[in-house]
1. Restrict the check to the range 538-549 and report whether at least one residue is within 30 Å of the chain's Cα centre (by Cα), farther than 23 Å from M483 by Cα and surrounded by 24 or more Cβ atoms within 10 Å (Cβ to Cβ).
2. Provide a single number: the residues in the range 511-526 that are over 16 Å from R564 (Cβ atoms), surrounded by 24 or more Cβ atoms within 10 Å (Cβ to Cβ) and among the hydroxyl-bearing types (S, T, Y).
3. Out of all the residues in the range 381-398, is one or more within 19 Å of A5 (Cα to Cα) and in contact with a Phe, Trp or Tyr (Cβ under 6 Å, 6 or more places away or on another chain)?
4. Cβ-Cβ distance below 6 Å, separation of 6 or more or different chains: which pairs start in the range 70-96 with a residue that is over 26 Å from T166 (Cβ atoms) and end on one that is among the hydrophobic types (A, V, I, L, M, F, W, C) and part of a loop (DSSP other than H, G, I, E, B)?
5. Give the number of residues within the range 22-53 that are out of contact with any Phe, Trp or Tyr (no Cβ under 9 Å at 6 or more places or on another chain) and of a type in the set (V, I, T).
6. In this structure, is I482 more than 26 Å from S427 (Cβ to Cβ) and touching a residue at least 60 places away in the same chain (Cβ under 8 Å)?
7. For residues that are in contact with a Ser or Thr (Cβ under 7 Å, 6 or more places away or on another chain), crowded, with 19+ Cβ neighbours inside 10 Å and not small (G, A, S), tally how many sit in the range 380-396.
8. Which one of the conditions (1) outside any loop (DSSP other than H, G, I, E, B); (2) buried (at least 24 other Cβ atoms within 10 Å of the Cβ) does S500 fail to meet, given that it meets all the rest?
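The values are calculated or read from the model by the stated rules, or taken from the named source; none is laboratory data. All of these numbers come straight from a predicted model, not from anything done at the bench. All Cβ positions, glycine included, derive from the backbone under ideal geometry; neighbour counts span all protein chains shown.
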Amino acid sequence: MSKAAIPIIGYTEQFSAAPGETLSFHVSSQSTSNYTAQLVHVISCDPNPEGPGVIEHALDSPINGTYPSRVQEVNLGSYIEVKKTKALDELGNFTIVATIYPTTPEQGLQGVVSRYDSAQQAGYALAIDHTGAVACFGPHRLSTGKALVSHRWYRIWMSYSIDKSTLSVGQMPLQVRNDADDQGTSHLNNISTSRGQGTLLIAAIHNTSAEHHFNGKIESPILIGEALSNPLTDQKNDHLIFHFDFSRDIGTPNAVDIGPHALHGEVINLPTRGVMSSQWDGSAFNWAERPAHYAAIHFHEDDLYDCDWRTDFTIKIPDNFRSGVYGVRLKTLEGDEDMIPFFVTAPIGAPQSRIAVLIPTFTYTVYANIARGNTNDQWHQTVREWDAWPWNADDHPEYGLSTYNVHSDGSGIAYSSRRRPIITMRSATVCYPGVPGSGLRHFAADAHLWYWLEQLSYSFDVITDDDLHRHGARAINSYDVIMTTTHPEYHTRETLDALSAYTDGGGRFMYLGGNGFYWKVAVSDAWPDAIEIRRGEGGIRAWASEPGEYYNAFDGTYGGLWRRNGRPPQQLAGVGFTSQGEHRGKGYQRTPASYEPQHQWIFEGIDDECVGDFGLSGGGAAGFELDRADARLGTPNNAVVLASSQGDSDHFVLVPEDILTNLLSWNGEKFEQLIRADIVYFPTRNNGAVFSVGSITFCGSLPVNNCDNNISRLVKNVLDGFLKPSIP
């Protein structure tokens, strides 16, 4: 259950803008007075007293000022809304039939098909009642009295005869079994019901807003203008009013009615499409091949796509604005704060610097509002002592959770959207209490890199995954060096193609993270600012896609790991994900190759045999999630492993895709040999090069000792070498 509301929180739908473009900001404030907004340049996000601290530089901007507080509501739950319903106004006799796959029938009232105002008890609704049975609601309520069994297919119906003043309701499992008494009908005589008015809802019931959301799949809702005596077989097309075919326009918000009145609806809050329907028999796994086998939508009471908050203020990025990381800091008179981050990119083809940092906005979105389940006393103590960001998704699921969580019905969350507050993407966000270092992830941890660049006086631009997807290699071809942050895990084909074209064309690429380029995601113009992930066939994952649901609804392509799509990370970066452990790290041991003359420039000024045995992320540069070189997976033959760190076998595990049996790994090496992080270097065509470190915690070592340490020197050597016309 959610705790008290976050006092002030906001979002911007788009994470980035270039000069001349505009961002809008949406804020909900519980304060009884106004709040202030201040534009800031974000330099550091680490609240740890042993680190650089939270550093933000206030900037002059037209948005700086005072704004009225107002509470903006969040309406969770997916459904279909049909607004043009004139064809329903003259109903007399009618029958509603639907095929459903309930996932929480015991949970209480859930609408299936309704034109019903629950406050006025007017209209009609085919629903699941508080006993878990199929029922109809209206002036009279009628239930089958037979509880549905979760995760089974049923045909359900309600039928009303105005001529005979009779009402009936029924349910029939598509596969009759002996383990449940779950089929039945019920009837009422000498009654009347109303036609209802206004909007028709599928998977919800209307009150002041859509509520009583259905959990589960709905297939082929049909309304026939006749009171059918046998709705299971006697569906007369000449009396058809509507018939929704959810196998149409699967990648869109369209709910297509193939009936004579074309009562098309809008799908709200991004339920899961491209899912198995009652006809699925395993003969096709791609919904595009047999759409009729995927003619269902999986609705959830906790789906959320768009909060649809009113805009409080906008900012147009000035033409002379520097590319970088920025935020709007919000404050109330009561002392509550929020900071909404965003990124300013340089115009495509007109870089402001020679270096660009690739901001993993797809990964930020996929992880948005992850509830980690570790909000314990130690976390609260750390937050108090460090004055860190005090809110977390464990306590506040009301803004929708991440794709690393599951819905209330246990199914995996396959979509994430930016059109909502992302409380995990803030400065001073502590994710792991009680670990060595600061326990940061993603945005806050990535700031270790841009803080280091600022401290060492490197000029740099930022480019986002969104820019890379939209513009391809054009977004980065003008830069001499592209650097990643700690965890660029999620990518589209377009982003990988752009990076591959960049390195093949002579670009210099520094992959300074771990578990990168691992999962394939999809985005869609039909659902702006949202992202889709299917977690099929292996991989370190929080849930598994159903066997027939590995293909993305957004673009119809096979999802899952890039390795399963023929593009292991090693092909691009020389290393790829191999092992995950606790949020702890240690140092790398240099290999003999690191002492060879041709690699001396990389280790100039470094006499240590072990580098990175310290850090603000896990206490060491090699930790948490590790990447290895592997020629069979695409590591180039000219790649050189300069240093390696063996993971602790007591808490590191090998990725599932590398395990064939309890004794045999995919490539035949011993499990413990595969649990390692490799620092790899290799030249590419056209005087390009790639340098990869294979660890999420690596960048956390950069700020240590005011950036005077061997990891800092290592990265500086490589970056300086990559900025030269010819690499040493």
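1. There is at least one residue in the range 538-549 that is within 30 Å of the chain's Cα centre (by Cα), farther than 23 Å from M483 by Cα and surrounded by 24 or more Cβ atoms within 10 Å (Cβ to Cβ).
2. 1
3. Checked the range 381-398: no residue is within 19 Å of A5 (Cα to Cα) and in contact with a Phe, Trp or Tyr (Cβ under 6 Å, 6 or more places away or on another chain).
4. Going by the 6 Å Cβ cut-off, the qualifying pairs are Q72/W309; V74/C307; L76/L304; Y79/A203; Y79/A204; V82/L263.
5. So the answer is 2.
6. Details: more than 26 Å from S427 (Cβ to Cβ): no; touching a residue at least 60 places away in the same chain (Cβ under 8 Å): yes.
Considered against the rule, which asks whether it is more than 26 Å from S427 (Cβ to Cβ) and touching a residue at least 60 places away in the same chain (Cβ under 8 Å), I482 comes out as no.
7. Going through the range 380-396, the residues in contact with a Ser or Thr (Cβ under 7 Å, 6 or more places away or on another chain) turn out to be 388-389, 392-396.
Imposing the further condition that a residue be crowded, with 19+ Cβ neighbours inside 10 Å reduces the set to 388-389, 392-393, 396.
Filter again for not small (G, A, S), leaving 389, 392, 396.
So the count comes out to 3.
8. Only one criterion is unmet by S500, namely (2).
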